[in-house]
1. Note down the magnitude of the dipole of segment 54-143 about its Cα centre, charges +1 on Lys and Arg C-beta and -1 on Asp and Glu C-beta and zero elsewhere, to the nearest 20 debye.
2. Identify, among GLY122, GLN99, ILE132, the residue whose Cα sits farthest towards the positive end of the charge dipole of segment 86-143, taking +1 on the Cβ of Lys and Arg and -1 on the Cβ of Asp and Glu, with the dipole about the Cα centre.
3. Report, by chain and number, residues whose modeled amide H sits under 5 Å from the one on MET86, excluding near sequence neighbours (fewer than 5 apart, same chain).
4. As a check on your grasp of the helix formula, calculate [θ] at 222 nm for the chain: sum -39500 (n - 2.57) over DSSP H runs of n ≥ 4, divide by the residue count, round to the nearest 500.
5. Going highest first, how would you order 25-37, 105-117, 72-84, 47-59 by mean Cβ packing within 10 Å?
6. Could you give log10 I(q)/I(0) at q = 0.13, 0.16, 0.22 Å⁻¹ for segment 74-143, computed by the Debye formula over C-alpha point scatterers of equal weight, without solvent?
7. Once the Cα atoms of helix 121-136 and of the chain are each reduced to a long axis, what angle between those two axes, in degrees from 0 to 90 to the nearest 10, is obtained?
8. Give the share of C-alpha pairs in each 5 angstrom bin for the chain, from 0 to the last occupied bin, in whole percents, shortest bins first.
Amino acid sequence: MTERTIPTEALLPHAVPADPYARLLLFGIRRMAAGGIADAHAAHAFFTGFGLGYRRPLVLLRALMAEMSRVATTKVAVAPCCCPRMTRAERHLLDAIVQAGPAPAIAHATLTGLLKVHDCLGLVTSAQAVSISFADAGMTIKA
């Protein structure tokens, strides 16, 4: 029996964003997905990136990840932290967080499609809070 391999481009179709703030957010998402919302590596990365103002974005990202875990009816594929490529789910999640402030309806549509749910307004609110916390720290996310 021959083993069938799936090309990397199919699993990881998107490059990691060039924006350093989007990369920090992606790292936090990946670490929390792998190690739980209390992951020390994610906390350290946010402390290093934000300085003393790290708590607000970190706590809000934890809330977003917990809410996403609560409402999702399907698995969300996340790549390892060191991977220079992104899954479709990671791309959609970053896009939703960026769009949550200026276009919440688009963010809601993106998240409902990603998580296979009919409604996820709490998650959109969490995404807005994460996006605003980055912007308030002068680190506006451009995905």
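The values are calculated or read from the model by the stated rules, or taken from the named source; none is laboratory data. All values derive from a computational prediction rather than experimental measurement. Reconstructed Cβ throughout: ideal geometry from the backbone, glycine too, with neighbour counts over all protein chains shown. Side chains included, ligands, DNA and RNA excluded: accessible areas come from the protein's heavy atoms. Shrake-Rupley method; radii C 1.70, N 1.55, O 1.52, S 1.80 Å.
1. It works out to roughly 240 debye.
2. Positive-most Cα among the choices belongs to GLN99.
3. Residues meeting the criterion, in which the H sits 1.01 Å from N, are HIS14, ALA15, VAL16.
4. -19500 deg cm²/dmol
5. 25-37, 105-117, 47-59, 72-84
6. -0.37, -0.55, -0.95
7. 60 degrees
8. 2, 11, 20, 24, 22, 13, 5, 2, 1, 1, 0, 0
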